[in-house]
2 protein chains.
Amino acid sequence: MSPGTAIVTEKHAAMWTDGRYFLQASQQMDNNWTLMKMGLKETLSQEDWLISVLPENSTVGVDPWIIAADQWKNMSKALASAGHSLVAVQDNLIDAIWMDRPTRPSTQLITLGLGFTGLTWQDKMTALRSKMAERKISWFVATALDEIAWLFNLRGSDIEYNPVFFAYAIVGMNTIRLFVDVKRLAEPTVREHLQLDTPSKAELSIQTAPYESVFTELQAVCASLGPKEKVWISDKASCALTQVIPKAHRSPVPYTPLCLAKAVKNATEIQGMKMAHIKDAVALCELFAWLEKEIPKGTVTEISAADKAEELRSQQKDFVGLSFPSISSVGPNGAIIHYSPLPETNRTLSLNEIYLLDSGAQYIDGTTDVTRTMHFGSPSAYEKETFTYVLKGHIAVSAAIFPNGTKGHLLDSFARQALWESGLDYLHGTGHGVGCFLNVHEGPCGISYKTFADEPLEAGMIVSDEPGYYEDGSFGIRIENVVLVVPAKPKYNYRNKGSLTFEPLTLVPIQAKMVNTDLLTQKERDWVNEYHRQCRETIGAELHRQGRKEALDWLIRETQPIA
Amino acid sequence: MSPGTAIVTEKHAAMWTDGRYFLQASQQMDNNWTLMKMGLKETLSQEDWLISVLPENSTVGVDPWIIAADQWKNMSKALASAGHSLVAVQDNLIDAIWMDRPTRPSTQLITLGLGFTGLTWQDKMTALRSKMAERKISWFVATALDEIAWLFNLRGSDIEYNPVFFAYAIVGMNTIRLFVDVKRLAEPTVREHLQLDTPSKAELSIQTAPYESVFTELQAVCASLGPKEKVWISDKASCALTQVIPKAHRSPVPYTPLCLAKAVKNATEIQGMKMAHIKDAVALCELFAWLEKEIPKGTVTEISAADKAEELRSQQKDFVGLSFPSISSVGPNGAIIHYSPLPETNRTLSLNEIYLLDSGAQYIDGTTDVTRTMHFGSPSAYEKETFTYVLKGHIAVSAAIFPNGTKGHLLDSFARQALWESGLDYLHGTGHGVGCFLNVHEGPCGISYKTFADEPLEAGMIVSDEPGYYEDGSFGIRIENVVLVVPAKPKYNYRNKGSLTFEPLTLVPIQAKMVNTDLLTQKERDWVNEYHRQCRETIGAELHRQGRKEALDWLIRETQPIA
């Protein structure tokens, strides 16, 4: 999930990671390691660093199963141009020294019916094949786990937080091959769901095979290709699997048709995401009401607060688990963007420091991801000022109206404008795509200055809106909602292109105490009040239904209009 | 300068151009041609179009001297993957049928002294070599005409509007070779400037050779390269010249060190640009005062207004010529983004239609490019509304504060925000780099959503800020200033990175009559009033000095504060 690459030479060891992890990495790594801060202008790329430290004519080894084809290509080219070579090491050297390594998980599969997916896997298969026919593609190799889960309407829990399962799939115009630990297909519900025992049309019959056999099966498929036949595979697929397809037949794509289809949620998925966010907001209102009572006692820590949040979420219907490790951080820990509390760093929540909670859950109907930053005593003027700039950025994105076809990265600066005007900034992107009971980070859309190759936003896509501000050693601020791309109806309609805007799915109050209202425009105040009206109305009704009186009182108090 | 690519097959003919030329192209091309609108999602790329129309195993020919190396690479790859091939046609097929083709121009060269350039060509050569040493590069091949002109502090007029001359240069650590029509080196001032007859240090002696000999000379250089030696060349250099360098020695770069150095203007160049813009503003104030008097007579046309602008500019000191063809457009012609009036389209300026003038000049001290949109009668409410949105966008960019190291394309959305909110947009980028007595469009910086690979903005860079709005068949609006990137001093200084903003170099009033002040924020009104104060002060003093009473009166009236 999180980017990190280690390169070890005879004399050096370096680890690349991005702005979210600079502080954490520098705290956790010893002096044998050099931290390479990705995204800073002065940081060498992996290729350039290798070229700078390697003796002449060096050979660099990499496990071809864990390097993406596009990365292999770039690195191999760069090294070759400097007289070095990149070679595939079939036996992973870390594996060779990794003792007691756990076996690959093989959890029980969950089948999702139409009520959750809106489309059967057969519908999705037909749609995929029509995309293949359109582009004259004979075969499609699915390698991304979330794409495979989405395609077959199945979920697993092989990877913590991500409801996916280890699998590959190869789809031809008349063939479907699913590569998965065959044990997990013994379950009758799964057999029924996939129609493994029911005679069905040949092109919708699934042939199953062991996970590891994808390599030889893909070789067999490729051996029988006609001279003009093309095979689609993601350019992020492993180098090892990609190279099975002869170059003349290989058609690597940055975004597969599944990735694109999955990103635009259908009405059923949108409805599910909305339900999941209501349940999630209920749990958070309860948490914050509880925190208010407990913090003065001095007994709540980053870890216990995160645990309480998980406990409250787990009481909600169709809860499956968390969608990522909770970032529960007090004061200076809040400035570590992807901080996770450990016993040795665990800080106690108090009336004196800012508390930042970035957390989310998987429910069978949807995935959540929300950040709220709160002060339970009296925030300083500077804390309020910077919080308000972040809020202005959050609103600027959430309320933005933009033409159909606009790429999300073009909205990123809106989130920064107020911070920039005061000489401030944050070093992460503003938003990422969010799956529906799938990975909490997904492509191909997002709101980040770091990506130019995102796909244009369209109605039905779901992204996060999460600007922040981090003062090293003092505090961190982030305000994050998950938002749905919806059509907008501005005054005019240039070239009949239509316009889009965002609708917040996350409905959790934003702490008014942290806002310096003098810094808001009337439009921004109206946005806050309208947002809080929606929170009160929608979440209030659900808190009432669930009989959660204290949280309801808290919600009503926290959603009073600001002036 | 302007993008256009024609591809002719046995059965088809297609021409690719961008949004600035859609209307013009569709009006000027006959039915034998298909207009391919670049930048629209549905428009096929040249490669995809070729693949869609070509019979199997086709061969596509291209003149290798007029296709850039990076384009060749992409197209060749795409065609190969579809079973076709791209081949270099040594004899250009258009040349073969082009009768009475004029010979390559060979105009007189202008030498620029330190007072204009701030650095001698020897200083620039030394700086270039230190960049080469830093990157372990043995040779640099200069192919971009503006880079060669900048490097040698020479100007020519071989290409209309661009003060450059046909040349190549090859620079080694101890060698400088300049390839240029040797006749033009006969001039004593040029010989003196380049120290052709003065014994100087070997590494600063220029060897001159005929323009055409670059091919064989580069071959000779490459034949003598040591095994590890590298040659820098722009990836926009012609395929023909690039391929002279063996792949193992070739180091293609998107932006050469000259391109990067040229973009950051030194104090002398900035001072020159300021002077040029003052003179240019004087001419425009005179023009607009004259237009006000003449338009009611019904005798001023798009062409005569443009001619008058040129005449007035030519009266200013060190005027050389225009920097691009004047876009002088009335009413519906204004919606043609790169319109140039022709006798058959020439419209008369009136009190009823909007007039858009986008024009600029070359002065020996600098280059200008300014657009003003005016109404000499009573603009409609809709014209004022859209003008005001464009103005808000112009101000949003011009007043933006942003961290050092920000790429210009991240500011593009600021220019569109007000238009987007009303469902409007424009299909061109917001700004381009501007040369100093060089090309009016230059890289590597700009403000455009179309480019991700621009270089970060830094103090001393100069770009245009020119949002617009175009209503096909009715009118066009554009407000363009040339602006200088300068340090900003906001309240805070995040990570000591520093901040930047823009300072307008263009100082020509923006017509208040076109503004719906109700749509402006107080901050925007303040910006307009402060801008007009600067125009009045700086241009007023120069108009006074030059004794141009009527224009001064016009300026004073047009710069009254708005409320």
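The values are calculated or read from the model by the stated rules, or taken from the named source; none is laboratory data. Remember, predicted model here, so these are calculated numbers, not experimental data. With ideal geometry, Cβ positions are generated from the backbone for all residues, glycine too; neighbour counts draw on all protein chains shown. SASA here: full protein model, heavy atoms, side chains in, ligands and nucleic acids out. Shrake-Rupley method; radii C 1.70, N 1.55, O 1.52, S 1.80 Å.
Values for this structure:
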quantity	calculated
Pair list, Cβ < 6 Å and 6+ apart or interchain, from the range B:298-315 residues that are under 18 Å from B:GLU542 (Cα atoms) to residues that are buried (at least 22 other Cβ atoms within 10 Å of the Cβ)	B:ALA309/B:LEU287; B:ALA309/B:SER359; B:LEU312/B:ALA283; B:LEU312/B:GLU286; B:LEU312/B:LEU287; B:ARG313/B:ALA283; B:ARG313/B:ALA361
Of all residues making up the range B:1-37, the number that are under 21 Å from B:ASN333 (Cα atoms) and hydrophobic (A, V, I, L, M, F, W, C)	5
Strands (runs of 3 or more DSSP E) wholly inside the range A:289-362 that include at least 2 residues being more than 18 Å from A:PHE475 (Cα to Cα)	A:319-322
The range B:144-161, residues that are polar (S, T, N, Q) and either within 17 Å of the chain's Cα centre (by Cα) or modelled with pLDDT under 95 (or both)	B:SER157
Selection status of A:VAL164, open to solvent by less than 10 Å² (accessible area, probe 1.4 Å), part of a loop (DSSP other than H, G, I, E, B) and modelled with pLDDT of 95 or more	yes
Residue that is surrounded by the most Cβ atoms within 10 Å (Cβ to Cβ), among those in the range B:235-269 that are closer than 25 Å to B:GLY405 by Cβ and of a type in the set (Gly, Ala, Ser)	B:ALA263
So B:SER106, is it assigned to a loop (DSSP other than H, G, I, E, B) and either under 28 Å from the mean Cα position of the chain (by Cα) or free of Cβ contacts under 8 Å to residues at least 60 places away in the same chain (or both)	yes
Unique residue being within 14 Å of another protein chain (Cβ to nearest Cβ), under 30 Å from B:ASN153 (Cβ atoms) and open to solvent by 10 Å² or more (accessible area, probe 1.4 Å) when the list is B:LYS392, B:LYS407	B:LYS407
Hits in the range B:315-352 - residues which are hydrophobic (A, V, I, L, M, F, W, C), more than 14 Å from B:VAL300 (Cα to Cα) and touching a strand residue (DSSP E or B) at 6+ places or on another chain (Cβ under 6 Å)	B:PHE319, B:VAL320, B:LEU322, B:ILE327, B:ALA335
Number of the exception - A:PHE502 against (1) open to solvent by less than 10 Å² (accessible area, probe 1.4 Å); (2) in a strand (DSSP E or B); (3) touching a helix residue (DSSP H, G or I) at 6+ places or on another chain (Cβ under 9 Å); (4) within 14 Å of chain B (Cβ to nearest Cβ)	(1)
Filter pass, A:GLU385 being charged (D, E, K, R), away from chain B (no Cβ under 13 Å) and over 30 Å from B:GLY423 (Cβ atoms)	no
Test: residue in the range B:345-358 that is under 25 Å from B:ASP280 (Cβ atoms), within 14 Å of chain A (Cβ to nearest Cβ) and either at pLDDT 95 or above or in contact with an Asp or Glu (Cβ under 9 Å, 6 or more places away or on another chain) (or both)	no
Cβ pairs under 9 Å, 6+ apart, first in the range A:13-37 and open to solvent by less than 50 Å² (accessible area, probe 1.4 Å), second assigned to a strand (DSSP E or B) and among the small types (Gly, Ala, Ser)	A:ALA13/A:ALA6; A:ALA14/A:ALA6; A:MET15/A:ALA6; A:TRP16/A:ALA6; A:LEU35/A:ALA14; A:MET36/A:ALA14
Residue ID - most open to solvent (accessible area, probe 1.4 Å), chosen from residues in the range B:395-404 that are among the hydrophobic types (A, V, I, L, M, F, W, C) and not in a loop (DSSP other than H, G, I, E, B)	B:ALA396
Matching residues, the range A:199-211, being at pLDDT below 95 and open to solvent by 60 Å² or more (accessible area, probe 1.4 Å)	A:PRO199, A:LYS201, A:ALA202, A:GLU203
Subset of the range B:109-129 (residues that are out of contact with any Phe, Trp or Tyr (no Cβ under 9 Å at 6 or more places or on another chain) and either at pLDDT below 95 or assigned to a loop (DSSP other than H, G, I, E, B) (or both))	B:GLY113, B:GLY118, B:LEU119, B:THR120
Residue match in the range B:207-225 (condition: of a type in the set (D, E, K, R) and within 29 Å of the chain's Cα centre (by Cα))	yes
Residues (closer than 26 Å to B:GLY468 by Cα and small (Gly, Ala, Ser)) located in the range B:11-44	B:GLY19, B:ALA25, B:SER26, B:GLY39
Top-ranked residue of the range A:488-499 - restricted to ones that are in contact with a Gly (Cβ under 9 Å, 6 or more places away or on another chain) and either away from chain B (no Cβ under 14 Å) or without any contact (Cβ under 8 Å) to a residue 60 or more places away in the chain (or both), ranked as nearest to A:LYS274 (Cα to Cα)	A:LYS489
Residue match in the range A:371-378 (condition: open to solvent by 10 Å² or more (accessible area, probe 1.4 Å) and among the polar types (S, T, N, Q))	yes
B:MET99, sole failed condition from (1) out of contact with any strand residue (DSSP E or B) (no Cβ under 8 Å at 6 or more places or on another chain); (2) part of a loop (DSSP other than H, G, I, E, B); (3) in contact (Cβ under 8 Å) with a residue 40 or more places away in the chain	(3)
Of the criteria (1) at pLDDT below 95; (2) out of contact with any strand residue (DSSP E or B) (no Cβ under 9 Å at 6 or more places or on another chain), which one B:ALA453 fails	(2)
Those residues of the range A:70-113 which are more than 14 Å from chain B (Cβ to nearest Cβ) and open to solvent by 100 Å² or more (accessible area, probe 1.4 Å), in sequence order	A:GLN90, A:ASP91, A:LEU93, A:ILE94, A:ILE97, A:TRP98, A:MET99, A:ASP100, A:ARG101, A:THR103, A:ARG104, A:GLN108
Among residues of the range A:215-234, those that are away from chain B (no Cβ under 14 Å), closer than 20 Å to A:ALA167 by Cβ and open to solvent by 10 Å² or more (accessible area, probe 1.4 Å), counted	7
Residues of the range A:118-155 satisfying the condition of being touching a residue at least 24 places away in the same chain (Cβ under 8 Å) and of a type in the set (S, T, N, Q)	A:THR120, A:GLN122, A:SER138, A:THR143, A:ASN153
Residue within the range A:264-280 that is at pLDDT below 95 and of a type in the set (A, V, I, L, M) present	no
Which listed residue is closer than 27 Å to A:ARG155 by Cα, of a type in the set (Val, Ile, Thr), open to solvent by less than 20 Å² (accessible area, probe 1.4 Å) and touching a Ser or Thr at 6+ places or on another chain (Cβ under 9 Å), from A:VAL515, A:VAL483	A:VAL483
